[in-house]
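The values are calculated or read from the model by the stated rules, or taken from the named source; none is laboratory data. Keep in mind the model is a prediction, meaning the values are calculated, not measured. Because the Cβ atoms are built from the backbone with ideal geometry, glycine has one as well, and the counts that use them run over all protein chains shown. For accessibility, only protein heavy atoms count, side chains too; no ligands or nucleic acids. Shrake-Rupley method; radii C 1.70, N 1.55, O 1.52, S 1.80 Å.
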Amino acid sequence: MLNINEEDLKKAIVEKAADELLRQDDDLSKMVHAEVQRRVQKIFVERADAQIAAAVDAAVQKGFDTEYQRVNNWGQPEGEKTTIRTQLDKLIGGYWTTKVDTRSGKPSDSYNSTTRAEYLMTQICAENFSEEMKKHATNIAGHLKDGLRNQMAGVMDKMLSDLFHVKSLQDQGKVDKPY
């Protein structure tokens with residue numbers, strides 16, 4: 001009989017499997033290598049994007065808060081030192097407090113002017129008010145028309161009854177009136 005050492009057999013199988021897996025021209029090795037490269041690339045992109053976003057945020061924040069002073073055409077300082085953030089606040093605040101013409105909404109210093117905020121609120125309220133008034137006027141006109149129609153029908157019935165002293169089918173309630 002054959003004398004087989006079980007431990008030597010296991011060791012030989014493991015060595016053979018390891019040799020097969022680690023062989024450079026093997027398809028499995030190439031596939032594992034490609035997957036590792038893909039994952040490394042993905043992790044690199046994620047981390048690089050996060051660092052770039054943080055650097056851009058810091059640069060923008062620093063740019064908005066850095067003091068500067070305006071200069072004239074000859075490079076001489078003009079006015080007080082300021083920041084971009086302060087200038088934006090003034091610009092945005094000034095937009096709503098600028099005086100505008102009440103009819104056109106264009107900037108104006110005339111007697112007939114209000115702030116842009118007041119002008120816009122007036123326009124919005126006027127549109128809503130106009131729509132509501134139109135709807136109510138239509139409803140009132142409909143009710144007026146119905147009331148007038150009923151009143152005219154009553155007057156016409158009375159006139160016809162006075163003119164003809166005969167009870168018609170409509171007068172007797174056997175036939176519906178067309179009005």
>> When you scan the stretch 147-159, do you find a residue that is within 30 Å of THR97 (Cα to Cα) and either exposed (fewer than 11 other Cβ atoms within 10 Å of the Cβ) or over 30 Å from the mean Cα position of the chain (by Cα) (or both), even just one?
In response: no
>> Can you tell me which of (1) open to solvent by 80 Å² or more (accessible area, probe 1.4 Å); (2) free of Cβ contacts under 8 Å to residues at least 12 places away in the same chain; (3) over 30 Å from ALA18 (Cα atoms) is the one LYS42 doesn't meet?
In response: (3)
>> Please count how many residues of the stretch 161-179 are open to solvent by 80 Å² or more (accessible area, probe 1.4 Å) and either modelled with pLDDT of 85 or more or part of a helix (DSSP H, G or I) (or both).
In response: 4
> Scanning for something part of a strand (DSSP E or B), over 30 Å from VAL60 (Cα atoms), β-branched (Val, Ile, Thr) and open to solvent by less than 80 Å² (accessible area, probe 1.4 Å), does the stretch 75-83 turn up at least one residue?
Replying inline: no
> Does ILE140 count as under 30 Å from GLY63 (Cβ atoms), assigned to a helix (DSSP H, G or I), among the aliphatic types (A, V, I, L, M) and open to solvent by 90 Å² or more (accessible area, probe 1.4 Å)?
Replying inline: no
